[in-house]
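What follows is a set of notes on a single structure, which appears directly below.
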Amino acid sequence: MRSLLASLACTSLLTLTGTSHAQPAGKPADQGGNLAPGQAKGSQQTDPRQGPNPTGAPVEQAPPNVPEFKPAFPGQTRAPGVQTRTALQVTEVASGFNKPWAIAFLPDKRMLVTEKPTGKLFIVTPEGKKSPAIAGIPKVDGRNQGGLLDVEVGPDYGTSGLIYWTYYEPRKGGNGLTVARAKLVDGPKPKVEGLKVIFRMEPTLESTLHAGGRLVFTPDGKLFVTLGERSIMEGRVQARDLKSDFGKIVRINPDGSIPKDNPFVGQKDARPEIWTLGHRNILSAALDSKGRLWEVEMGPRGGDELNLIERGKDYGWPTIGYGEEYSGEPIHKTTQGPGMEQPVYYWDPVISPSGMTIYSGELFPEWKGNFFIGGLSSAALVRLVLENDRVVGEERLLMDQKARIREVVQGPEGALYLLTDDSNGKLLKVTPR
Ligand SMILES: [Ca+2]
């Protein structure tokens, strides 16, 4: 383990990033127009969990890609900038991962870490020692955004030994996102056995893009799987089609069966696993302290979105949104539509979100309840402060690392663990200095 030079106070970080958003903390901000409805100016300061915020201008100062699209409500984008007061220590736990994608903690504090293109899964000790690749993981289609993606430790791991993972599966006629589970057999040469595929995204289509692939277990023992719409037009047009899994969040039981209380069970021409529809590509998803599911989805140019996920709802892609094609061509006629949900927040320009955790630890009391999102193109750890389900503050952390952040997970002791998206990807740990 070695400490990086970059163990800096966040206030210093902000001045070192080279972006123009830094503003002295404590300066009264003229951001009243950005407060959510019903919030009095300055009311945030009464909440001891969150300290003095907002403090400054929005962290995003670049011009929007789609200026003609306006927010649906104040504070839906460019929330006031906030600054973490705790000085941060960034420690490199391990490196040498080829485009690592996900971390999951075993009960003994070792970590499972996936490598996207190679399809390899490792066990990593808290000291950074890496096991040989776990044997028995099926072959993945590792091109582009496919490969071995998320991994989770089953809720009954203590008795069953079951782990769960997502991958782009090579299939006859194309490929698709698949979820498997198996028993982890620990030891010097770890392996999995008793493998069972519990879910296959349908239909099969040939695309190496927009895989989705995050897994989230709920306290009541269900499993959410986030699914992309494959990017190519043939897939995109299915994002609001209930006959297709593309662009959906699905909810299954851990054995792959379908919960009877899913919203579209029994509906003609609808797949019973679907929980919500109208998504583009979801690589960030997490539960809050109330057990509610939130996701941040990769949007088009100018259209990354934070959404609160509610049973059976339609999140509008590709009909509504705030972005445009990367070519500059329009996608949406409008940002709002009947029966379609508004994002709680959006980014224009985008952050390229991947990985997400809602902080519940004790190591950073000022971060309680805050959202942390990995930023790929933004090369930042994005922190959001929410009140009453509205974003009231945004911060970009660790920009001095100049790394694409693929994953953020809270460790058992309350530290944040990150993966950087690189052919020499690093496993980093963030603690108070
Ligand atoms: Ca949407």
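Restricting Gly339, Gly321, Gly303 to those that are touching a Ser or Thr at 6+ places or on another chain (Cβ under 8 Å) and modelled with pLDDT of 95 or more reduces the list to Gly321.
Yes or no, residue by residue, for (1) over 30 Å from Lys333 (Cα atoms); (2) modelled with pLDDT of 95 or more:
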position: Asp30; (1), (2): yes, no
position: Pro37; (1), (2): no, no
position: Asn53; (1), (2): yes, no
position: Pro63; (1), (2): no, yes
position: Pro67; (1), (2): no, yes
position: Val90; (1), (2): yes, yes
position: Ser95; (1), (2): yes, yes
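Return yes or no: is Phe73 of a type in the set (A, V, I, L, M, F, W, C), modelled with pLDDT of 95 or more, surrounded by fewer than 16 Cβ atoms within 10 Å (Cβ to Cβ) and assigned to a loop (DSSP other than H, G, I, E, B)? Spell out how you get there, then give the answer.
Numbers: of a type in the set (A, V, I, L, M, F, W, C): yes; modelled with pLDDT of 95 or more: yes; surrounded by fewer than 16 Cβ atoms within 10 Å (Cβ to Cβ): yes; assigned to a loop (DSSP other than H, G, I, E, B): yes.
Answer is yes for this residue.
Restricting attention to region 271-318 and to residues that are aromatic (Phe, Trp, Tyr) and within 11 Å of the ligand (Cβ to nearest atom), the residue that is nearest to His332 (Cα to Cα) turns out to be Trp317. Of all residues in region 127-184, those that are surrounded by fewer than 16 Cβ atoms within 10 Å (Cβ to Cβ) and aliphatic (A, V, I, L, M) total 1. Residue by residue through region 147-185, note down the ones that are more than 18 Å from Pro254 (Cα to Cα) and in contact with a Gly (Cβ under 8 Å, 6 or more places away or on another chain). If the condition is that a residue be more than 18 Å from Pro254 (Cα to Cα) and in contact with a Gly (Cβ under 8 Å, 6 or more places away or on another chain), then Gly147, Leu148, Tyr168, Glu169, Asn175, Val185 are the ones that fit.
Between Val225, Val197, Val216, the distinction of being outside any loop (DSSP other than H, G, I, E, B) and under 27 Å from Pro338 (Cα atoms) belongs to Val225 only.
Residues that are under 17 Å from Leu428 (Cα atoms) and touching a residue at least 60 places away in the same chain (Cβ under 8 Å) were ranked within region 343-379; the one that is farthest from the ligand (Cβ to nearest atom) is Leu363. Screening Gly374 with (1) out of contact with any helix residue (DSSP H, G or I) (no Cβ under 9 Å at 6 or more places or on another chain); (2) in a loop (DSSP other than H, G, I, E, B) gives one miss only, at (2). Filtered by the rule that a residue be on the phi > 0 side of the Ramachandran plot and free of Cβ contacts under 8 Å to residues at least 40 places away in the same chain, region 248-282 gives Gly266, Asp269.
The values are calculated or read from the model by the stated rules, or taken from the named source; none is laboratory data. Quantities reported herein were computed from a predicted structural model and do not represent experimental measurements. Please note: Cβ atoms are built from the backbone with ideal geometry, for glycine as well, and neighbour counts cover all protein chains shown.
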